[in-house]
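Written out below as structure tokens is the structure these notes cover.
The values are calculated or read from the model by the stated rules, or taken from the named source; none is laboratory data. Keep in mind it's a predicted model, so treat the numbers as computed, not measured. Reconstructed Cβ throughout: ideal geometry from the backbone, glycine too, with neighbour counts over all protein chains shown.
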Amino acid sequence: MAPSFDHLREADLDDDEFDDEEVDISDLRAKYEVQLEQGFETFVVIDGLPVVTEDQKPKLVKFLLKKLNSVGRTTEDSIEMPMGEDGKSHGFAFVEYTSAGEAAAAVRSLDSVPLDKKHVLRVNKLTDIERYGREGRIDDEYHAPHIDEFEPRDHLRSFLADPSGRGRDQLIMYRGDNVGVFWNNEKDQPETIVDRAHWTESFVQWSPLGTYLTSVHPQGVQLWAGPKWDRVARFPHPYVNLVAFSPQENYVVTWSNRPIAIGEEGHPALTIDDDGKNYVIWDIASSKPLRSFANIDLPPIAGAPGEEKQPRKQPWPAFKWASDDKYVARLTQGQSISVYELPRMNLLDKTTIKVEGVMDFEWAPARPQREGVKDYEQLLCYWTPEIGSNPAKVGLISVPTKQVVRTLNLFSVTDAKLHWQSEGNYLCVKVDRHSKSKKSQATTLEIFRVKEKGVPVEVLDTIKDTVINFAWEPKGDRFVIITAEPAAVVGSAAAAAGVVASAPKTSVAFYCPEKAKGNAVGNFKVLRTLEKKNSNAIYWSPKGRFVVIATVHNQQSSELEFFDLDFEGEKPESDKDLTANLQLMNTAEHYGVTDVEWDPSGRYIATWASAWKHSMENGYHMYDFRGELLREEPIEKFKQLQWRPRPASLLSKDEQKSIRKNLRDYSRVFDQEDAERIAGADQEVVDRRREQLQEWDDFVASMAEEVEEEREIYNVPADVVAQMLVAKTASLKTAEGAPVEEKVVEETVEEVLEETEEIVA
């Protein structure tokens with residue numbers, strides 16, 4: 001109840017000192033008066049209902065109540081359905097929920113949901129309708145909506161058609177204040193497509209399939225696409241820090257460290273429900289927000305005795321997507337995993353997946369085809385630490401059924417990391433284990449064979465050191481690990497923080513399956529181990545087979561090693577039973593390298609030193625897959641390079657096999673085109689030189705004409721030098737006209753070639 005203002009009676013005021021008109025109590029009213037508008041936050045308006053009579057009304061209310069109670073709590077008495085003078089309803093109803101949150105959930109979950117075959121519900125907040133009416137957005141008279149004429153848009157994937165016919169890839173480079181998109185030209189300078197100053201105010205980012213280019217600004221995020229690089233969408237999330245796309249580019253998540261603040265003037269896209277939130281999930285096609293979320297408070301990290309606890313950073317990405325964009329999930333660390341259905345963003349089965357102590361989870365990057373499973377499913381995996389006497393655990397869950405497919409108990413676990421193979425055929429859990437005394441540490445690899453019946457687990461426990469990096473071969477069944485001694489791992493972390501200058505020695509191990517009968521995959525074995533390295537990063541070609549082992553973020557070493565795992569040369573006898581043949585193709589050096597990235601075709605790889613990380617020798621190098629340096633370009637304030645991704649091929653597997661089978665026939669055509677292009681390039685150089693020579697000849701001729709004209713004007717002889725010689729000769733003649741006799745003068749020059757001194761006894 002609002003406080004009464006009866007205590008401010010006129011009798012209590014001294015008429016000599018105050019006048020009723022001069023007393024201002026607006027500040028008190030603003031502080032204590034009940035805002036009537038807030039009382040309607042629990043009401044929603046439901047439109048699109050069938051028109052029914054008074055007798056049919058109870059049946060419709062009961063039917064509607066089932067849907068309404070699926071997102072909150074309401075009763076028949078809380079549903080008001082106005083009736084007209086003709087005894088029929090108007091097709092809408094007012095519904096009161098028990099809380100404003102339930103009303104917001106109803107708008108989010110029930111809007112645009114079919115009631116039956118002929119009717120679709122439209123749900124809005126009552127306060128929104130009141131507000132739009134006051135602002136003049138709703139007219140009392142009906143006006144037919146204006147439909148704009150259809151305007152064809154540019155093809156958003158026109159970048160796949162390289163005008164040169166060479167199948168080049170695009171890349172974006174951010175240097176200084178300029179952002180440019182270029183065609184990669186192998187050894188030649190990249191061809192500029194578009195180059196703009198101040199295109200972004202933070203960073204740039206491609207969408208996963210390469211359709212959109214993202215620019216980030218204090219006002220929000222913008223998407224650019226098409227051959228004209230028009231802006232195709234904007235998402236007004238103020239002070240956005242990070243952006244993440246769904247795998248199929250249907251949705252995008254934006255995050256800001258600053259909570260959203262909706263002022264009195266409102267917001268062009270967000271509502272009062274989004275106030276105080278940090279994450280927003282947007283629909284890219286409509287540029288509308290689907291739902292917003294606040295940060296989850298994480299327990300601080302315990303420091304050393306006597307030190308203050310350090311705040312824990314929010315994990316990124318906080319929302320992780322199923323491979324087909326149908327689900328998105330978020331972790332509440334230590335408690336549960338919340339899975340939401342798209343596009344309604346409602347909680348799957350209205351409940352979270354309760355997992356006590358859960359630390360992390362990952363979706364399978366593709367729909368795995370498990371043996372004996374024909375129904376649709378997506379898989380996600382999670383792990384939990386040891387809690388009391390309960391062991392640590394890794395679990396596989398099938399979505400949408402939420403059925404647990406496989407679990408694995410683990411003991412003496414310090415930490416675990418989840419690594420899916422690109423097609424979801426394998427899951428490797430990297431488990432860091434400690435001894436009973438907790439003084440030593442080692443790593444085991446637990447490999448789940450997802451496609452096989454029962455999901456068997458293969459354990460690789462022969463690794464004595466700690467694995468600091470792991471990477472599966474894309475679309476393959478081989479992997480590479482980098483290990484270091486546990487003490488060196490601590491030193492490496494300190495070096496990354498700038499405390500230690502020296503890098504620890506590491507080892508690189510290549511693993512592949514043994515040969516097996518039929519289509520079966522054998523057990524994983526070590527193919528080769530390279531000792532006493534400085535390497536700390538693994539970069540597989542997106543097509544598999546080739547891998548680069550690199551040393552990045554290291555002041556003492558910046559080595560790149562290019563390996564081929566299907567080398568066509570002679571295979572060592574020790575590797576006869578393994579499905580790989582390893583060969584080091586090349587090595588390279590790029591001082592100060594901070595980032596490495598393959599192009600989507602697997603033909604080229606770029607390395608660069610980013611000014612965001614240090615200011616020494618910024619720029620990039622371009623290599624082919626064999627490690628041959630094609631070009632290097634130092635660029636001041638070079639910040640970022642990203643290859644433009646490509647969508648999956650539209651060719652079937654059979655068509656791709658046919659192309660591989662006839663690759664030599666295609667290669668002859670490509671070789672001929674390359675030769676013609678090189679010859680054409682040489683001819684262009686010759687033609688250009690001829691043009692330059694002709695330009696020089698024309699310039700000399702024009703200058704000669706100008707000189708001739710000036711000679712005539714100033715009466716200067718044509719050959720000044722010849723005239724001067726004639727005058728000099730004339731001056732040497734005698735008075736009688738006879739020439740002066742010439743005298744020959746001889747000079748003798750003596751030169752000592754060698755001098756020796758000999759003593760005679």
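For segment 394-410, which positions are more than 31 Å from the chain's Cα centre (by Cα), farther than 13 Å from Phe448 by Cα and crowded, with 18+ Cβ neighbours inside 10 Å?
Scanning segment 394-410 gives a single hit, Leu410.
Among the residues of segment 82-95, is there at least one that is hydrophobic (A, V, I, L, M, F, W, C), in a loop (DSSP other than H, G, I, E, B) and within 47 Å of the chain's Cα centre (by Cα)? Reasoning before the result, please.
Taking segment 82-95 first, the residues hydrophobic (A, V, I, L, M, F, W, C) are 83, 92-95.
Next, from what is left, pick out any that are in a loop (DSSP other than H, G, I, E, B): none.
Checked against the condition, which is being hydrophobic (A, V, I, L, M, F, W, C), in a loop (DSSP other than H, G, I, E, B) and within 47 Å of the chain's Cα centre (by Cα), segment 82-95 yields no hits at all.
Quickly run through segment 349-378 and pick out the residues that are surrounded by 15 or more Cβ atoms within 10 Å (Cβ to Cβ), touching a residue at least 40 places away in the same chain (Cβ under 8 Å) and assigned to a loop (DSSP other than H, G, I, E, B). Please lay out each step first, then the result.
So in segment 349-378, the residues surrounded by 15 or more Cβ atoms within 10 Å (Cβ to Cβ) come out as 352-353, 355, 357-368, 370, 377-378.
Now narrow it down to the ones that are touching a residue at least 40 places away in the same chain (Cβ under 8 Å): 353, 355, 359-368, 370, 378.
Of everything in segment 349-378, those that are surrounded by 15 or more Cβ atoms within 10 Å (Cβ to Cβ), touching a residue at least 40 places away in the same chain (Cβ under 8 Å) and assigned to a loop (DSSP other than H, G, I, E, B) turn out to be Val355, Met359, Ala364, Pro365, Ala366, Arg367, Pro368, Arg370.
Is there a residue in segment 442-458 that is hydroxyl-bearing (Ser, Thr, Tyr), farther than 18 Å from Thr407 by Cβ and not in a strand (DSSP E or B)? Show your work before the answer.
Step one: of segment 442-458, the residues hydroxyl-bearing (Ser, Thr, Tyr) are 443-444.
Next, only the ones that are farther than 18 Å from Thr407 by Cβ stay: 443.
With the extra rule that they be not in a strand (DSSP E or B), the set shrinks to none.
Scanning segment 442-458, I find no residue that is hydroxyl-bearing (Ser, Thr, Tyr), farther than 18 Å from Thr407 by Cβ and not in a strand (DSSP E or B), so the answer is no.
Give me the residue from segment 611-631 that is small (Gly, Ala, Ser) and surrounded by 14 or more Cβ atoms within 10 Å (Cβ to Cβ) and, out of that set, farthest from Thr587 (Cα to Cα). Break it down into steps so the answer makes sense when it comes.
Step one: of segment 611-631, the residues small (Gly, Ala, Ser) are 611, 615, 619, 627.
From the residues that got through so far, the ones that are surrounded by 14 or more Cβ atoms within 10 Å (Cβ to Cβ) too are 611, 619, 627.
Details: Ala611: 25, Gly619: 19, Gly627: 7 Å.
The qualifying residue farthest from Thr587 (Cα to Cα) is Ala611.
Please work out which one of (1) over 19 Å from Val45 (Cβ atoms); (2) at pLDDT 85 or above is the condition Gly165 fails and give its number.
(2)
Please enumerate the residues belonging to segment 42-61 that are of a type in the set (S, T, N, Q) and in a loop (DSSP other than H, G, I, E, B). Working first, answer last.
To start, the set of residues in segment 42-61 that are of a type in the set (S, T, N, Q) comprises 42, 53, 56.
Those that are of a type in the set (S, T, N, Q) and in a loop (DSSP other than H, G, I, E, B): Thr42, Gln56.
From the list Ala727, Ala704, Ala718, Ala761, which one is over 60 Å from the mean Cα position of the chain (by Cα), farther than 30 Å from Gly165 by Cα and at pLDDT 85 or above? Show your work before the answer.
On the way: Ala727 fails: at pLDDT 85 or above; Ala718 fails: at pLDDT 85 or above; Ala761 fails: at pLDDT 85 or above.
Selected residue: Ala704, the only one of Ala727, Ala704, Ala718, Ala761 that is over 60 Å from the mean Cα position of the chain (by Cα), farther than 30 Å from Gly165 by Cα and at pLDDT 85 or above.
Given the conditions (1) surrounded by 19 or more Cβ atoms within 10 Å (Cβ to Cβ); (2) under 25 Å from Asp154 (Cα atoms), and given that Arg175 satisfies all but one, which numbered condition is not satisfied?
Arg175 satisfies every listed condition except (2).
Taking segment 100-140 only, how many residues are modelled with pLDDT of 80 or more and either at positive phi or not assigned by TED's automatic domain parsing to the domain that holds Phe63 (or both)?
The qualifying residues number 1.
With respect to Ser702, determine if the residue is more than 30 Å from Val181 (Cβ to Cβ) and of a type outside the set (Asp, Glu).
On the way: more than 30 Å from Val181 (Cβ to Cβ): yes; of a type outside the set (Asp, Glu): yes.
Yes, satisfied.
With (1) more than 23 Å from Ile481 (Cα to Cα); (2) touching a Lys or Arg at 6+ places or on another chain (Cβ under 7 Å); (3) surrounded by 15 or more Cβ atoms within 10 Å (Cβ to Cβ) as the list, and Ser422 as the residue in question, which single condition is left unmet?
(1)
Filter segment 531-558 down to the residues that are modelled with pLDDT under 95 and part of a strand (DSSP E or B), then identify the one that is surrounded by the fewest Cβ atoms within 10 Å (Cβ to Cβ).
Here the answer is Lys532.
Farther than 30 Å from Glu617 by Cα, under 20 Å from the mean Cα position of the chain (by Cα) and assigned to a loop (DSSP other than H, G, I, E, B): which single residue out of Leu223, Leu209 fits that description?
Values: Leu223 fails: assigned to a loop (DSSP other than H, G, I, E, B).
Answer to the selection: Leu209.
Within segment 239-338, which strands (runs of 3 or more DSSP E) (wholly inside it) include 1 or more residues that are among the β-branched types (Val, Ile, Thr) and at pLDDT 95 or above?
242-245, 251-255, 279-283, 327-332
Within segment 442-463, does at least one residue satisfy the condition of being within 28 Å of the chain's Cα centre (by Cα), buried (at least 18 other Cβ atoms within 10 Å of the Cβ) and farther than 23 Å from Pro513 by Cβ?
Looking for residues that are within 28 Å of the chain's Cα centre (by Cα), buried (at least 18 other Cβ atoms within 10 Å of the Cβ) and farther than 23 Å from Pro513 by Cβ, one finds none in segment 442-463, hence no.
Here are the criteria: (1) over 30 Å from Pro343 (Cβ atoms); (2) crowded, with 16+ Cβ neighbours inside 10 Å. Tell me which single one Leu68 does not satisfy.
If we test Leu68 against (1) over 30 Å from Pro343 (Cβ atoms); (2) crowded, with 16+ Cβ neighbours inside 10 Å, just (1) comes out false.
Is there a residue being among the small types (Gly, Ala, Ser), in a loop (DSSP other than H, G, I, E, B) and without any contact (Cβ under 8 Å) to a residue 24 or more places away in the chain anywhere in segment 572-595? Steps first, answer last, please.
The first filter runs over segment 572-595 and keeps only residues among the small types (Gly, Ala, Ser), leaving 574, 580, 588, 592.
Filter again for in a loop (DSSP other than H, G, I, E, B), leaving 580, 592.
Now drop any that are not without any contact (Cβ under 8 Å) to a residue 24 or more places away in the chain, which leaves none.
Among the residues of segment 572-595, not one is among the small types (Gly, Ala, Ser), in a loop (DSSP other than H, G, I, E, B) and without any contact (Cβ under 8 Å) to a residue 24 or more places away in the chain, which makes the answer no.
Kindly establish whether Gly72 is part of a helix (DSSP H, G or I) and within 24 Å of Pro289 (Cα to Cα). Can you show your working first?
On the way: part of a helix (DSSP H, G or I): no; within 24 Å of Pro289 (Cα to Cα): yes.
No.
Only one residue in Lys417, Lys393 is modelled with pLDDT of 95 or more and under 21 Å from Pro504 (Cβ atoms), so which one is that? Quick ask: steps written out before the conclusion?
Numbers: Lys393 fails: under 21 Å from Pro504 (Cβ atoms).
Only one candidate qualifies: Lys417.
Looking only at segment 629-657, filter to residues that are at negative phi and of a type in the set (Lys, Arg); which one of those is farthest from the chain's Cα centre (by Cα)?
Checking each candidate, the answer is Lys657.
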